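Peer 1: One structure is given below, represented as structure tokens, and several questions about it will come after.
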């Protein structure tokens, strides 16, 4: 029902808050997979078994449009980002089938990606993952800080970068011991890489471009991809562009010997800062990009097992990211502030306002009257109105409510002389479902 509400919201409203909702996450089930590859690069050895809890990951790489919608809100709410993130490389001048916003975000350094994940979490009403201290008192919003594993709330329902283990499990799509998500060989019909024959050579393609409508022509490294009927290249889990297009930042510090270390099994978050094997500490990015070729001379960086590295302060046209999040169900309206003594039962939530919560499950809201809420955090909130039934809202939609039974959106009239009125978005009708009282 929530997905239907979000889709409906995208159709009905063009205002900023509503158009920012682009969550399309795929659930990766708990269990084990084999990570790494033998016989090519030493830092990929040995092939080893990894067990992970379930998590969700973006179906698509974070787009320029996604980035801008969240970053505008973020800058107005205490976040900063590097100057390079203001000028990502988008569509070529001659391509009109899509806009810049459809291309993957790039020229974003590791710190920017981390802060953007936090900003999206706050915007969407989820708890954040990244803090500047081990006690997790201060949310990471500004500066370039080399965060440690202990500064991450790994159980948060908020967005974060995938660990290397999460990335490789999701990217493999359920296949074992293969070079690529589709098998052992690559050609231009399968991914955007250097001289692959796609229309964007030496540039990224729109996220999800390889969806059976890709156009491939003969090129130096197309490897007969132009002769094949185009097919959808989502991997076995439904993810696009895990190979090629832009490489994707991961959380982990790079340690070339990490796969052989005994303490590897103690954490899925990768090595600590002190374990990282280079004097100049570097972070991992995975999947290869449009500047990488399929040849042997570069260690075949388009392979699923390939571990690429970059300084976290550097931004590249060929590096972007996608988000993951843990499958944690948060307490409804987590972070609400209790007003007065516990016996007074009044609370304040920054987007929802004041409400009264006695010992039973109903609450009283000055505009809504007595209603029954359920759900998680500030992102999945169903509220039962005696006069209208169930309505859905969230931090990023309030004061809009979605009525699932009527398949319609309603705007709470907060400036009307009387409480409790809702305006139907499509036909402009007014209905009074909330508190019957004058202001």
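Just so it is clear, none of the values below were taken in a lab; they were calculated from the coordinates. Computed from a prediction, not measured in an experiment: that's the story for all the values here. Reconstructed Cβ throughout: ideal geometry from the backbone, glycine too, with neighbour counts over all protein chains shown.
Peer 1: How much length is gained if the chain between residue 427 and residue 144 is pulled fully straight, taking 0.36 nm per residue apart and subtracting their Cα-Cα distance, in nm to one decimal?
Peer 2: Result for the pair: 97.0 nm of gain on full extension.
Peer 1: Any idea how far the Cα center of the stretch 111-177 sits from the one of the stretch 195-249, in Å?
Peer 2: 28 Å
Peer 1: Using packing as a proxy for protection, rank 429-437, 105-113 so that the peptide with the highest average count of other Cβ atoms within 10 Å comes first.
Peer 2: Averaged packing, sorted descending, gives the order 105-113, 429-437.
Peer 1: Quick check on packing: order 61-74, 130-143 by the mean number of other C-beta atoms within 10 Å, highest mean leading.
Peer 2: 61-74, 130-143
Peer 1: Provide the packing ranking of 197-205, 382-390, i.e. peptides ordered by the mean count of other C-beta atoms within 10 Å per residue, highest first.
Peer 2: So the peptides 197-205, 382-390, ranked by packing, come out 197-205, 382-390.
Peer 1: For the chain, set up a GNM with springs between Cα atoms under 10 Å and report which of 77, 266, 235 has the largest fluctuation.
Peer 2: Of 77, 266, 235, the Gaussian network model singles out 266 as fluctuating most.
Peer 1: While we're here: Below 8 Å between Cα atoms, with a sequence gap of 6+, how large is the relative contact order for the stretch 346-439 in percent?
Peer 2: In percent, rounded to a whole number, it is 19.
Peer 1: Next question. How far is helix 64-75 tilted, in degrees, relative to the longest principal axis of the Cα atoms in the chain, given as a value from 0 to 90 rounded to the nearest 10?
Peer 2: Helix 64-75 sits roughly 50 degrees off the main axis of the chain.
Peer 1: Moving on. What is the stretch 223-367's relative contact order, in percent, from Cα pairs under 8 angstrom and six or more apart in sequence?
Peer 2: Over the stretch 223-367, the number comes to 19 percent.
Peer 1: Picking from 313, 93, 185, which is most flexible by a Gaussian network model of the chain using Cα springs under 10 Å?
Peer 2: The residue that fluctuates most here is 93.
Peer 1: Between (i) 1.01; (ii) 0.97; (iii) 1.12, which entry matches Rg/Rh (Cα atoms, Kirkwood Rh) as derived from the coordinates of this structure?
Peer 2: From the options (i) 1.01; (ii) 0.97; (iii) 1.12, the structure gives (i).
Peer 1: Which whole-number percent is the relative contact order of the chain (Cα, under 8 Å, 6+ apart)?
Peer 2: 15 percent
Peer 1: While we're looking at this one, here's another question. Relative to the longest principal axis of the chain, what angle (0 to 90°, nearest 10) does the C-alpha long axis of helix 110-124 take?
Peer 2: 30 degrees
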